[in-house]
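One structure is given here, and the rest of the page talks about it.
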Amino acid sequence: MASAGSVGLQRAVLLDFDGTLFDLAQDLSGYRARWGDGPVAQTLGQLSGEQLAAALADLESADMEGVRNGRPLVSHELIRRIGAHFPTAIVSSNAVAAIAAGLERMGMGVGGLVVVGRESAPRLKPDPAPVHAALARLGVSGGVLVGDTTHDVGAARAAGITSVVVRNLKLAFQPEQADYYVTDLSELAGLLEEIWGRTI
């Protein structure tokens, strides 16, 4: 990954996990039977104490099952290639443990990556809190957020950074108002070269 001594002069690449790096085969029926059908971020925001801990545990269990039954969408070589040139983090609404398990399945592990998951910030995307947390841990103030949903676009815009959408054909509606679009993550290195003028 990019050296710690140079991160203050660089822009960061923030990567969403589910739908961007990994196709999480997640079944939330157990969680929803217990906690309702409302948006996860909204539900978690209404809970506290033991109830919040229990809801987070149910979500983590669903995430871990999703990793076991899911599949990687990109090769670990691409992530390492980007990480060799830019401070890189994963910013996701999934549990940190599930993200780590997914990276293991991809053959790379967490390594030097900063991982901001569901439990790492006070609010979830589209709130900018997870983006701000990742940028602070990387020691940079700007960059791009690469994801596949309107929540990713909203979080990037609210945080004042560039948004890149990887088109996800499983979604009924593709996110609008992103700064850039790519068909798959293999195009990301070329896009970063284009917008930042740096060969990767």
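Tabulated data
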read-out: Criterion violated by D127 - all others in (1) closer than 16 Å to T20 by Cβ; (2) of a type outside the set (K, R); (3) at pLDDT 95 or above satisfied; value: (1)
read-out: Set G117, G38, G107: member being assigned by TED's automatic domain parsing to the domain that holds H132, surrounded by fewer than 16 Cβ atoms within 10 Å (Cβ to Cβ) and not acidic (D, E); value: G107
read-out: Test: residue in the range 150-159 that is modelled with pLDDT of 95 or more, under 16 Å from G19 (Cα atoms) and not in a helix (DSSP H, G or I); value: no
read-out: Subset tally (residues that are β-branched (V, I, T) and within 13 Å of L21 (Cα to Cα)) for the range 92-109; value: 1
read-out: Subset of the range 130-154 [over 14 Å from A89 (Cα atoms) and either β-branched (V, I, T) or surrounded by fewer than 20 Cβ atoms within 10 Å (Cβ to Cβ) (or both)]; value: T149, T150, H151, V153, G154
read-out: Tabulated pairs, the range 106-132, first part of a loop (DSSP other than H, G, I, E, B), second at pLDDT 95 or above and basic (K, R), C-beta under 8 angstrom, 6+ apart or interchain; value: L124/R118
read-out: Residue selected from the range 41-52 under the condition assigned to a helix (DSSP H, G or I) and loosely packed, with under 12 Cβ neighbours inside 10 Å, by the criterion modelled with the lowest pLDDT; value: Q42
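The values are calculated or read from the model by the stated rules, or taken from the named source; none is laboratory data. Please read all numbers here as calculations on a predicted model, not as lab measurements. Positions of Cβ are generated from backbone atoms using ideal geometry, with glycine treated the same way; all protein chains shown enter the neighbour counts.
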